[in-house]
1. Do we have any residue at all in segment A:239-246 that's in contact (Cβ under 8 Å) with a residue 60 or more places away in the chain, in contact with a His (Cβ under 8 Å, 6 or more places away or on another chain) and either away from RNA strand B (no atom under 11 Å from the Cβ) or assigned to a strand (DSSP E or B) (or both)?
2. Given the conditions (1) assigned by TED's automatic domain parsing to the domain that holds residue A:298; (2) surrounded by 12 or more Cβ atoms within 10 Å (Cβ to Cβ), report the number of the one that residue A:56 does not fulfil.
3. For segment A:64-75, indicate whether the set of residues that are of a type outside the set (Asp, Glu), within 13 Å of residue A:44 (Cβ to Cβ), assigned by TED's automatic domain parsing to the domain that holds residue A:263 and open to solvent by less than 30 Å² (accessible area, probe 1.4 Å) is non-empty.
4. Is one or more of the residues making up segment A:62-82 on the phi > 0 side of the Ramachandran plot and touching a strand residue (DSSP E or B) at 6+ places or on another chain (Cβ under 9 Å)?
5. Looking at (1) in the same structural domain as residue A:281 (by TED's automatic domain parsing); (2) surrounded by 13 or more Cβ atoms within 10 Å (Cβ to Cβ), which is the only condition residue A:248 fails?
6. Hey, can you tell me all the residues within segment A:283-327 that are modelled with pLDDT under 90 and over 20 Å from the mean Cα position of the chain (by Cα)?
7. How many residues are surrounded by fewer than 22 Cβ atoms within 10 Å (Cβ to Cβ) and either of a type in the set (Gly, Ala, Ser) or within 6 Å of RNA strand B (Cβ to nearest atom) (or both) if we restrict to segment A:258-281?
8. Within segment A:199-236, which residues are touching a residue at least 60 places away in the same chain (Cβ under 8 Å), in a helix (DSSP H, G or I) and more than 27 Å from residue A:138 (Cα to Cα)?
Amino acid sequence: MLTTRPRGTEDIIAPEADVWQAVEELARTLSHRYGYEEIRTPLFEHTELYARSVGETSDIVSKEMYTFTDRGGRSLTLRPEGTAGVVRAFLENRLYARPLPVKLYYLGPMFRFARPQAGRLRQFHQFGVELLGAGEAAADAEVISLAMEFYRHLGLEELTLRLNSVGCPACRPAYREVLLAYLEPRQHSLCADCLARYARNPLRVFDCKEEGCRQVLAEAPLVTAYLCPECSAHLAAVRDALRLLAIPYEDDPYLVRGLDYYTKTAFEVIVPGIGAQSAIGGGGRYDGLVEAFGGPHTPAVGFATGLERVLLALGVRGKTLAPPAGRKVFVAAADAAGAAAGVELLARLRRAGFTADRDYLGRSLKAQMKHADRWGATITVILGEAELGRGTVTVRHMQSGEQEAVPFAQVVEALKEHLAR
RNA sequence: GUGGGUGUAGCUCAGUCGGUCAGAGCGCCAGGUUGUGGCCCUGGAGGCCAUGGGUUCAAGUCCCUUCACCCACCCCA
């Protein structure tokens, strides 16, 4: 156990770590471009926060939280998702007093205690945005637009955007009754899981893939048919806005997100080929959450995407992000005198912005050359008594194998020219 | 929480009906070059064959336990 990482966690090591950096950089760049600013909330919050926002009956709260008691006897929970913490911070820091809407993005680890499988870890990473203080359908469309742009920049294709509305406190309760009335005489056809859902959160029966349940659902009343005029108009407006942005989508009346705080818009992005967990991102509107926490009425909409799943999708398609520009210089020493002179040269190269390294194992020149090659040096500078006697260094271009003598004092300048291209 | 699969060197894997079975390729280190990488040749390091039991004269090789990983269900990112 000493050398084994906890189940469902991963070490991210180069070269994969480079891909992570590229993806994260894209997330930040795009967010800023859309006017979002970063928010860094704690990795753990009071357990109560999640219980009251995500919902007691949700799977996340009922069986997936990493909850612990600290030494002060408080119940804390490692964040299972980002929205609750952002909303808490929005209120605690009185961000509602800032010019609305407040646009925030976050990037970091989330924790959920579930059995790991393809695309599912116990510690995973999300990039998400929250747009608080805007109730217009255009806001929903913007959030979706940012999400789709993120995927597009990464080169992900074959994505499907699924769209639905889950109603609001004005219409959902009534629909819930209608649905319950429909399901009640058909309980015998439902699977065990759905019977539990029927009792706790009937909307989620729509998630079921069991044949029996699907047959029952085929005739079931759909939430979209029972939306109040406001929700109905909102959904239509979101569709219009998406068409205006030329973002393709599919209406999915069966899409019901598992978190209690969603109202109106719910959406999900699906990608094929990454296993059973094909949703790489999702989000929706939560117009009542801020108010439920005692804040001012603040309609809001957000989105989050799982970075592990994004990387999976990238890998599946063999897409690779551009590697960092090669400016790697290795300083090799032919002898002790060269090694001494190389120390100073190495420092100069690094100060000039080069990625530069040398040998620290006292290895032969041959071994140093081999190491330089494996390391990916574009240029190796060779130093020895012969060069020092002439006041030069030998610059070897690793790809072509060509070498030239460059005056010791002008090495940095010469390499800048060589590697400028 | 449930089900299925897997677990031999750093990596990918061979190991036949239990009896030289502890191996290969790649990688790593070194030598072949006296100051020079990529190809080639040679040599070397590295494994309580996941773990703990059991069966047997004898077990990576059969049986069971545990753990881990993978995949699927649940659910979601």
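The values are calculated or read from the model by the stated rules, or taken from the named source; none is laboratory data. These numbers were taken from a predicted model, which means no experiment stands behind them. In this analysis, Cβ positions are derived from the backbone assuming ideal geometry, glycine residues included, and neighbour counts consider all displayed protein chains. For accessibility, only protein heavy atoms count, side chains too; no ligands or nucleic acids. Shrake-Rupley method; radii C 1.70, N 1.55, O 1.52, S 1.80 Å.
1. no
2. Here residue A:56 meets the rest and fails (2).
3. no
4. no
5. So the condition that residue A:248 fails would be (2).
6. A:324, A:325, A:326, A:327
7. 7
8. Selection gives A:200 alone.
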